[in-house]
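Here is the structure we will look at.
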Amino acid sequence: MPAAATDDATTPLSIRQDGPRSLAIEWADGHRSVYDVRTLRLACGCAHCVNEWTGEGMLDPASVPEDVRPVSIRRVGRYAIQIEWSDGHATGIYPFSRLRRLAGGA
Ligand SMILES: [Zn+2]
């Protein structure tokens, strides 16, 4: 991984649910990102949701409930979080660098 993994822009100070539908991350550089939780679910980059070889998305958005939400969120090392979802999906790991890119604030 590049040195960016330790940059302030990809270092979360806090991660918390901001409401039933949104997850908020405060970054060390002062930026605040708010994500729609279902958008995050659809952005899952695990091997079940994205073809590892072609990068093609394999997740059918219609298969994800409208009211999907995180059941638990835990840190994975210093660079990512793993989200367990109410639809039973728990293999998705979200690197902070990717979350920051998804927020469009990098
Ligand atoms: Zn997935």
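Exactly one condition in (1) open to solvent by 80 Å² or more (accessible area, probe 1.4 Å); (2) part of a loop (DSSP other than H, G, I, E, B) is false for residue 90; which is it? With (1) open to solvent by 80 Å² or more (accessible area, probe 1.4 Å); (2) part of a loop (DSSP other than H, G, I, E, B) applied to residue 90, the lone miss is (1).
Where residues in the range 7-57 are open to solvent by less than 80 Å² (accessible area, probe 1.4 Å), part of a loop (DSSP other than H, G, I, E, B) and more than 16 Å from residue 99 (Cα to Cα), which of them is nearest to the ligand (Cβ to nearest atom)? Out of the qualifying residues, it is 49. Selection of the range 59-75 for residues being loosely packed, with under 12 Cβ neighbours inside 10 Å and among the aliphatic types (A, V, I, L, M) yields only 62. Considering the conditions (1) hydrophobic (A, V, I, L, M, F, W, C); (2) outside any strand (DSSP E or B); (3) at pLDDT 95 or above, residue 102 is excluded by exactly one of them, (3). Sort out which residues of the range 87-106 are within 14 Å of the ligand (Cβ to nearest atom) and small (Gly, Ala, Ser), and write them in order of number. Passing the criteria: 88, 90, 92. In the range 58-74, the residues that are more than 13 Å from the ligand (Cβ to nearest atom) form Cβ pairs under 9 Å with partners that are open to solvent by 90 Å² or more (accessible area, probe 1.4 Å), at six or more places apart or across chains, as follows: 67/20; 69/20; 73/16. Residues of the range 75-87 that are in contact (Cβ under 8 Å) with a residue 24 or more places away in the chain and part of a strand (DSSP E or B): 81, 83, 85.
For the range 93-105, the set of residues classified as of a type in the set (Gly, Ala, Ser) and open to solvent by less than 30 Å² (accessible area, probe 1.4 Å) consists of 105 only.
The values are calculated or read from the model by the stated rules, or taken from the named source; none is laboratory data. Not measured: the values here are computed from a predicted model. Please note: Cβ atoms are built from the backbone with ideal geometry, for glycine as well, and neighbour counts cover all protein chains shown. All accessible areas refer to the heavy atoms of the entire protein, side chains included, with ligands and DNA or RNA removed. Shrake-Rupley method; radii C 1.70, N 1.55, O 1.52, S 1.80 Å.
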